[in-house]
Structures are given as C-alpha cells and as structure tokens.
1. Under a cut-off of 20 Å between alpha-carbon atoms, report the lysines in cross-link reach of LYS109, not counting same-chain residues fewer than 8 places apart.
2. Roughly what would the spin-label model give for MET1 and ILE279, points 7 Å off Cα along C-beta, in nm?
3. Averaged over every viewing direction, what's the projected area of the C-alpha convex hull for the range 304-400? Give it in nm², one decimal, please.
4. Computed FRET efficiency, Cβ-Cβ of VAL405 and ASN99, R0 30 Å: what is it to the nearest 0.05?
5. At 1.4 Å probe size, with no ligands or nucleic acids counted, give the accessible surface of ARG341 in Å², nearest ten.
6. If you wrap a convex hull around the Cα atoms of the range 59-192, how much volume per residue is inside, in Å³?
7. If you stretched the chain out fully between MET315 and SER190, how much longer would it get, using 0.36 nm times the residue separation minus the C-alpha to C-alpha distance?
8. From the helices alone, meaning DSSP H stretches of at least four residues, give me the mean residue ellipticity at 222 nm for the chain, per-run term -39500 (n - 2.57), in deg cm²/dmol to the nearest 500.
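The values are calculated or read from the model by the stated rules, or taken from the named source; none is laboratory data. In this text, all values refer to a predicted model and were calculated from it rather than measured experimentally. All Cβ positions, even for glycine, are placed from backbone atoms using ideal geometry, and neighbour counts span all protein chains on display. Please note that ligands, DNA and RNA were not included when accessible areas were found on the heavy atoms of the full protein model with its side chains. Shrake-Rupley method; radii C 1.70, N 1.55, O 1.52, S 1.80 Å.
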Amino acid sequence: MKEKILELLENKKFNELKQILVEENIQDIAILFEELNKEQIILVYRLIPKDMAAEVFTYLEPEYQEKLINMLSDEEIKNVVNNIYIDDMVDLIEEMPSNVVKRVLKNVKQEQRKIINEFLNYPSDSAGSMMTIEFVDLKENMTVEQAFQKIKKIGLNKETIYTCYVLDMSRKLIGLVSVRDLLLAEKDDSIKEIMETNIITVNTLDDKEEVVKKFEKYDFIALPVVDKEERLVGIITIDDAIDVLQEETTEDFEKMAAMIPSEETYFRTGAFTHAKNRIIWLLVLMLSAAITGEIITYYESAFATLPLLVAFIPMIMGTGGNCGSQASTLIIRGLAMDEIRLKDFWRALFKELKVSIIVGLVLFLINGIRIVVQYNDFKLAIVTGLALIATVILAKLLGCILPMVAKKIKLDPAIMAAPLITTIVDTCSVLVYFSIAVVIMGI
C-alpha cells in the first residue's frame, strides 16, 4: 500500500488515491503516516473523509498527532475533537505539550471542556481516568422494541452498543443487557425480565491494574464504572484495558531491568532522560558489587594457597544469579496474575526450597564428576559442589522472598528482579564459597 500511495502522490493522482484510502483499514492508514514526510501527511489526511479522518487521528502515535495539529486549520481541529470519544480526547490532552493543548481546547465546546476537566481530575492510575461516558443506558420498564429504537437513535455516537446498562431514576446501575439478549428475546418482553442483575463493577478510584485483572478474570468486553453512590458514570472498554495492560507490562519490564520507567516511547525519550532512568540503579548495583570485591580481597591468602579456587568464582556467581532470576521471574509473574498471594508465602517458599535442593544436587553431581576427571581433585569437587548447592538454595529462596516482601510493603514486586537479586547473590555466594573452602581444605 505504501509504494502505491507514494506513487499516486508523486503523480498527483489524488482521486485514485482517495478511493484507495477510503477502502483501507483505519489502523493501516495510521501506520502509513509514519512512513510519510510532513507535506505528504497533511495531504493524505485531507484526502480522507472527515468522519474517517477523526478515527485515523486517534490511532496515530502522539508525535504524529502533534505534527498534524500544528498543520491543521482550526476548522479541521474542530472536526477532530467533535468526532472522537471523550477518553481519546483526554488521552490527547495528556500527551500534548501546553501550546498544542491550548489550540485543541480552543476548538472544544464548553460542555465538552467541562467533562474533560472532570476526567483530568481523576488520578492518572485510576479507573476514572481511563473510562468513557459514551455508553447506551436503558430503563427497566422499556420493552425490547423500545430498547432497539433507542440504540438505533443514539448508538452511532457510542463507543460500544453490545452491552447496554439499565439505570433507575437516580442513575444507579441496576442491571445490564447485551444485544444478544435483546435479539433472542420477544419484542414485547420488558428489559426487567431479561436483564442481568449480578453486576461486576469498578469504582472511579480503583487502580488501573485491578481493572485489567477483572477483564482477564471475567472476559468482559466492557466494564461499568460507578461512583461512591453506585451511580453509573462511565464504562471501560476492552481496547482501553489492553492499552493499560501494555503500559503496565512495559513498566514491569523496565523495572525488572533495573531502570526507572519512562512515560514516553523509546524514540520520544531523549538520550539524557534514558541515561538518567538507567544510571541510578546502575550506580546502586555497582557500589553494591564493591562488597563482593572486599570479600574476595579478604580471602586473598586462600588464592595464594590454591589459585585454582579463583577459576570457579564466575561459575558459582553466574549459577546463583541465574537461579535467583528464574525464581523471581516466576514469583513476580504469579503475583501479577494473582496466581500467588501473600498468604501463599510459606507454600511458595517450601516449593522453591524443594526445587533448589533438586537443582543443587544435580549441579553438584555433574560439576563434581567434571572436576575429578579434569583436575583429579576430590576435595575441590566437594568444595565447589557444596558451594553450588548453598548458592542455588540461597538464590532461589531470595528470588521467592524479596518480591513477596516488596508486595507486602506496597512496592512493585518487579523491582526485585534479576539485577538486584544477582548482586545480592553474588556477594553471598562468594562468601559461602570461600567459607566452605577454608573449612574443608584447611587453608
């Protein structure tokens, strides 16, 4: 598509280009914009029908949205803001620099601006900040036929019409009904007869992560959001939940790699910011590793007596770090997915202990055979083998304990991932290794 569109642009065959764009998926057109230069972007955008152009705009990356706003006329901006959903509008305002926001708000209707301000007052990590107010509400005394008439009348401007929400006179949520239920019911049936009254909701101030967990647990397409008085104030749709899941996963990956999470994409984040996000943890880990160096220096006499001991330090430290990383990854994932809870602490700890004993014994056996064959030194095999067992047990227990402790004290378990655990295990494993060597070899 890109090659064809570029060819049509070059040859100024705009009518043919417009026909192609109308038939393309909105998401594909948004991706295409990333391949065009500034002049081509505005030209292609203006060839797209107005209602379609507004939808394309919502799928663009923030940097391209900013570029477009700076090139569009006030009338074109007005068309965009009047044809996108409120939650997309709020996201746009949160992403754009202040000069762009001023220009956008200038073209927003007064009542729309009031709603946007209400959304912006919700905490950024709350359900209220990600909801939309574009939903279909019904009354329990309506018939199925009346319900369909209302859906046809207002459904075009709603984000989803598959699930409709039944409200009483004070706008409290009393039930919900799907379009499937309506289609299968008789046209004279009342909404009260067919609506579902066992409703799962979230509060406006609930954490985003808890919202995503409910989508995962109940397989919802949309989730109603209520205030303290149980009044329906909005809904969260599955596409917004997926966006949050992607953000949270990215944040966890960054924390697990010992970085401060960035709110911007990789290329939109400057080199200085990237360095700042990484350097703090790197300094902490580097200075922590100095302790390992002090321990090695303390046992310098052991090296002089048996220099071969030094050759096995990387193996023991590496094995410990890998074992700790394996355990912490599984525990962090389990906590994130609610497969592991704080009440499971001793159960998880005992399981990791069993795993570490099995792994440690296998490594002890294989490494012992290698050393006896290669160096013909039975004592060295015992020293390294016992050090491996102790290191594996220590690493796996730490990989289990630290994320759960972080969860207990209201920190993100992801910070207790491989880099931090590896640094701790490195120090402990060297200390254990030389302690065992001193005792068994009488150094």
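1. Once the sequence-local lysines are set aside, what remains near LYS109 is LYS50, LYS78, LYS158.
2. That separation, rounded to one decimal, is 4.3 nm.
3. Working: hull surface 26.0 nm².
Average projection, Cα convex hull of the range 304-400: 6.5 nm².
4. Working: r = 45 Å, r/R0 = 1.51.
Working from the Cβ atoms, E equals 0.10.
5. For ARG341, solvent-accessible area is about 120 Å².
6. Values: hull volume 17.5 nm³, N = 134.
Cα-based convex hull of the range 59-192, divided per residue, equals 131 Å³.
7. On the way: separation 125, 0.36 × 125 = 45.00 nm, distance 7.21 nm.
This chain segment gains 37.8 nm when fully extended.
8. Values: 22 runs with 295 residues, N = 443.
That comes out to -21500 deg cm²/dmol.
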